[in-house]
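A quick write-up on the structure given underneath.
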Amino acid sequence: MSTYSLSDGLASGAPRLARAPLLASWVRESGVGILASVAWIAFGLSCLWWEDVGDWSRTHSLGIAAFVIAAVALFGTVGADYLGSAGKALHKRAPWLVALGAFLTLWEVATAKFAWLPLPFFPPPQSIIEVYTDDLPKLLDSVFASVKLQLGGYLIGATIGFLTGVSIGWSRAVGYWVHPVLRFIGPLPATAWLPIAFFTFPSSWSASTFLIALATGFPVTVLTWSGVASVSNAYYDVARTLGAKPSFLVLKVAIPAALPHVFVGLFMGLGSSFAVLVVAEMIGVKAGLGWYLQWAQGWAAYANMYAALIVMSLLCSGAITLLFAIRDRLLVWQKGTVKW
């Protein structure tokens with residue numbers, strides 16, 4: 001006679017019922033990572049499954065690289081608990097991996113496989129990879145020239161803008177003379193000074209440096225001036241009570257309190273300077289990414305043009321990230337109170 005009862009059945013099924021919510025939770029947390037792996041597998045298959053409509057030598061390598069990325073995404077998803085911070089970073093960026101894999105798949109199919117988008121205006125991904133491998137020396141020379149020009153003009157403009165902004169915010173006499181000049185020159189875009197700059201300065205390099213410094217200096221000046229002028233008088237009164245001199249008030253009270261405004265101006269100046277950099281290099285300078293864009297457009301080398309645009313985007317993003325790191329380092333005392 002069987003002694004099996006309903007209570008025994010429920011007891012034996014209890015572990016399965018307990019594991020079900022855990023499995024569902026794991027699927028919810030890991031689903032995006034699995035989708036990322038699937039998206040990159042689809043991209044790899046799109047590279048290798050159909051024949052190219054053109055002659056591109058990096059198609060096979062690109063497909064293998066897509067499979068490697070898919071494997072990394074899947075391994076990072078399954079073993080996220082064992083990877084620590086790397087696993088968390090991969091989980092955080094998994095939605096972007098899904099979007100990027102899907103975008104590259106559609107791009108590959110629409111260009112290299114079926115030519116739904118007209119060539120050469122819309123080159124496939126592997127043609128841009130070819131630019132980075134076959135034309136790397138010229139591209140690196142252009143990057144170095146652009147970074148050197150951008151860095152010089154930006155530092156000059158930021159320094160002059162900072163000193164001018166502090167002077168205007170601190171001294172009414174300086175503000176009396178400089179403020180009208182800023183109101184006259186500031187609204188004009190820096191590119192409007194191109195003819196005058198290239199005629200006045202002895203070389204296109206110095207003229208481009210001036211234009212980049214001008215584009216950087218105006219927002220830094222205005223925001224620094226605003227920051228210094230908005231410092232509470234109570235800070236100055238406390239410092240004077242303790243015997244502070246005017247130099248101490250400027251260096252230890254006004255400038256530290258105005259730094260959040262200064263960094264806003266630096267971020268605004270950075271974006272403006274990159275725009276002027278490209279225009280100046282396309283018109284007058286014989287080296288740099290702007291010149292490279294002009295050269296690629298003249299030869300209808302659209303893959304080279306898109307490759308240069310990607311490099312520009314990465315350079316600007318890297319500069320912004322570096323500026324954020326400097327801001328967080330200098331304004332660590334404001335952590336948790338200022339968010340922007």
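Quick notes on this one:
- Look at (1) out of contact with any Gly (no Cβ under 9 Å at 6 or more places or on another chain); (2) over 20 Å from residue 217 (Cα atoms); (3) of a type outside the set (Asp, Glu); (4) touching a residue at least 12 places away in the same chain (Cβ under 8 Å) and you find that residue 275 fails only one, number (2).
- Considered as a group, the residues in the range 262-275 that are under 17 Å from the mean Cα position of the chain (by Cα) and of a type in the set (A, V, I, L, M) include one that is least open to solvent (accessible area, probe 1.4 Å), and that residue is 270.
- Evaluation of residue 250 against (1) more than 30 Å from residue 124 (Cβ to Cβ); (2) open to solvent by 40 Å² or more (accessible area, probe 1.4 Å); (3) of a type outside the set (Phe, Trp, Tyr) (one fails), failing number: (2)
Residue-wise test of (1) closer than 20 Å to residue 278 by Cα; (2) open to solvent by 50 Å² or more (accessible area, probe 1.4 Å); (3) modelled with pLDDT of 85 or more.
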site: 210; (1), (2), (3): yes, yes, yes
site: 213; (1), (2), (3): yes, no, yes
site: 216; (1), (2), (3): yes, no, yes
site: 225; (1), (2), (3): no, yes, yes
site: 233; (1), (2), (3): no, yes, no
site: 244; (1), (2), (3): no, no, no
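- Residues considered: 241, 209, 216. Of these, the only one that is more than 19 Å from the chain's Cα centre (by Cα) and touching a residue at least 12 places away in the same chain (Cβ under 8 Å) is 209.
- Of residues in the range 194-206 being touching a residue at least 60 places away in the same chain (Cβ under 8 Å) and over 14 Å from residue 275 (Cα atoms), the one surrounded by the most Cβ atoms within 10 Å (Cβ to Cβ): 205
- Residue 287 in a helix (DSSP H, G or I) and among the aliphatic types (A, V, I, L, M): no
- Single residue of 175, 152, 161 found to be buried (at least 18 other Cβ atoms within 10 Å of the Cβ), of a type in the set (Gly, Ala, Ser) and in a helix (DSSP H, G or I): 161
- Restricted to helices (runs of 4 or more DSSP H) entirely inside the range 54-105, those with at least 3 residues that are loosely packed, with under 15 Cβ neighbours inside 10 Å and not aromatic (Phe, Trp, Tyr) are 59-78, 85-92.
- Test: residue in the range 278-291 that is under 21 Å from residue 222 (Cβ atoms) and at pLDDT 85 or above: no
- Only a single criterion out of (1) open to solvent by 50 Å² or more (accessible area, probe 1.4 Å); (2) modelled with pLDDT of 90 or more is not satisfied by residue 304, namely (1).
Condition check ((1) within 27 Å of the chain's Cα centre (by Cα); (2) without any contact (Cβ under 8 Å) to a residue 60 or more places away in the chain) across all residues:
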residue: 119; (1), (2): no, no
residue: 129; (1), (2): yes, no
residue: 155; (1), (2): yes, yes
residue: 174; (1), (2): no, yes
residue: 178; (1), (2): no, yes
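- Any hit, the range 169-192, residues being under 13 Å from residue 258 (Cα atoms) and hydrophobic (A, V, I, L, M, F, W, C): yes
The values are calculated or read from the model by the stated rules, or taken from the named source; none is laboratory data. Only a predicted model underlies this, so the values are computations on that prediction, with no experimental measurement involved. Counting neighbours? That spans all protein chains shown, and the Cβs are built from the backbone with ideal geometry, glycine included. These area figures cover heavy atoms from the full protein model, side chains too; ligands, DNA and RNA do not enter into them. Shrake-Rupley method; radii C 1.70, N 1.55, O 1.52, S 1.80 Å.
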